[in-house]
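A short worksheet on the structure shown next.
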Amino acid sequence: MKKLIAGNWKMNGSLAANEALLRAIAQGLAGGAPSCDIAVCVPSVYLPQLQALLGEAASPHVPALGAQDVSPHASGAFTGEINAAMLKEFGCRYVIVGHSERRQYHGESDALVAEKARAALAAGITPIVCVGETLAEREAGRTEEIVRRQLAAVIHVNGHCISEIVVAYEPVWAIGTGKTASPDAAQAVHAVLRAQLQAASDRSARVRILYGGSMNAANAKDLLRQPDIDGGLIGGAALKATDFLRIIAAAPHPVPAKTAI
Ligand code: PGA
């Protein structure tokens, strides 16, 4: 399976800064096909700008476009919200749902995150479903319970098409802190999530489970070589083209699927 390296720009950028960053990324990718899939998840007001820039790029190796949140509703009186059809109209292939910053600052529940994933899937957009424990939860030995509960809610609502999602394991204590889960510790949680997906769907092998939380150019290689780490969701390091390109370059080539004899 091809790894996926997705940048989460969060609430950063400007028309000028986005253009410079995107052009530098596109230039870095112009030399040849990368070994992984790439996406940039940008503030929604900039989707038209990024859609246009990606459309103009001379190279075929440009990132796919993603958003950072979506309404669970189809349309109507939901001031300030943006629905999945709108994201689709601006070329979104991915949308992050349930990022810990939204769970923490906007009170998003597991059930709401599951509904957001449903809305994205219904519009043909791949939800990148974030799960992860806080430091207190980790120290209390509750990591597995928390991530399983968060993923279970999404499986409960979207079981029939669960193989179409991307999961991102993002330990809250590692986000933006410079503290990364060790490759072994991250792999252990990814294996738990993989087993949970396997129990839910016989097509689960195609679900990519990304790691996120202070992934950078220096630690990406060791994380990305773990058997169940299928890519990265990158915050801070996605805002510098050289760092983002180095993470992309660290992604190993997909292992060819075994053919039956
Ligand atoms: P970080 O953010 O790479 O800056 O830790 C990751 C994320 O929040 O998606």
Determine which aspartates and glutamates satisfy two conditions relative to Lys2: a Cα distance under 14 Å, and not lying fewer than 8 residues away in the same chain. Asp37, Asp228, Asp230
If amide hydrogens are placed 1.01 Å from N in the peptide plane, which non-local residues have theirs closer than 5 Å to the one on Gly7? Ala39, Val40, Cys41, Ile234
Please tell me which of these pairs span more than 18 angstrom C-alpha to C-alpha: Lys3/Lys221; Lys10/Lys221; Lys3/Lys240? Lys10/Lys221; Lys3/Lys240
Diffing region 200-207: the Karplus 3J(HN,Hα) column from phi (6.51, -1.76, 1.60, θ = phi - 60°), in whole Hz with x for Gly and Pro, holds 8, 8, 7, 10, 5, 4, 8, 6
When the chain is treated as a GNM, springs tying every alpha-carbon pair under 10 Å, which of Ala241, Ala249, Ala205 comes out with the largest mean-square fluctuation? Ala205
Can you give me the C-alpha center-to-center distance between region 166-202 and region 74-150, rounded to a whole angstrom? 16 Å
Can you tell me which aspartates and glutamates have their Cα less than 12 Å from the Cα of Lys179? Leave out same-chain residues fewer than eight positions away. Glu170
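For the chain, what is the mean residue ellipticity at 222 nm derived from helices alone (per DSSP H run of n ≥ 4: -39500 (n - 2.57); sum divided by total residues; nearest 500 deg cm²/dmol)?
On the way: 10 runs with 104 residues, N = 261.
After summing the helix terms and dividing by residue count, I get -12000 deg cm²/dmol.
Treating only the Cβ atoms of Lys and Arg (+1) and Asp and Glu (-1) as charged, compute the dipole magnitude of the chain about its Cα centre; round to the nearest 20 debye. Could the numbers behind the result be given before it?
On the way: 24 positive and 23 negative charges, 101 e Å.
Value, rounded to 20: 480 debye.
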Sequence-distant lysines (8 or more away, or on other chains) whose Cα lies within less than 17 Å of Lys88: Lys116
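Could you work out the local net charge near Glu56, counting Lys and Arg as +1, Asp and Glu as -1, over the other residues with Cβ closer than 13 Å to its Cβ? Display every interim value, and only then the final one.
On the way: positive: Arg23; negative: Glu19.
Surrounding charge for Glu56 is 0.
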Phi to ³J(HN,Hα) by Karplus 6.51 cos²θ - 1.76 cosθ + 1.60 over region 65-71, Hz, x for Gly, Pro: 9, x, 10, 10, 6, 8, 6
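Size of the dipole of region 1-139 about the Cα centre, Lys and Arg at +1 and Asp and Glu at -1 on the beta carbon, nothing else charged, in debye to 20?
Charge dipole, region 1-139, about its Cα centre: 320 debye, nearest 20.
Taking the Cβ of Leu193 as the center, what net charge do the other residues with Cβ under 9 Å away carry, scoring Lys and Arg +1 and Asp and Glu -1? Kindly include the intermediate steps, with their values, before the conclusion.
On the way: positive: Arg148, Arg194; negative: Asp228.
Charge balance near Leu193 sits at +1.
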Let me know the whole percent of all Cα-Cα pairs from region 4-250 that are separated by more than 23 Å. 46 percent
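Every number in this text was worked out from the coordinates using simple rules, so none of it is lab data. Please read all numbers here as calculations on a predicted model, not as lab measurements. Using ideal geometry, Cβ is built from the backbone for each residue, glycine included, and neighbour counts are taken over all protein chains shown.
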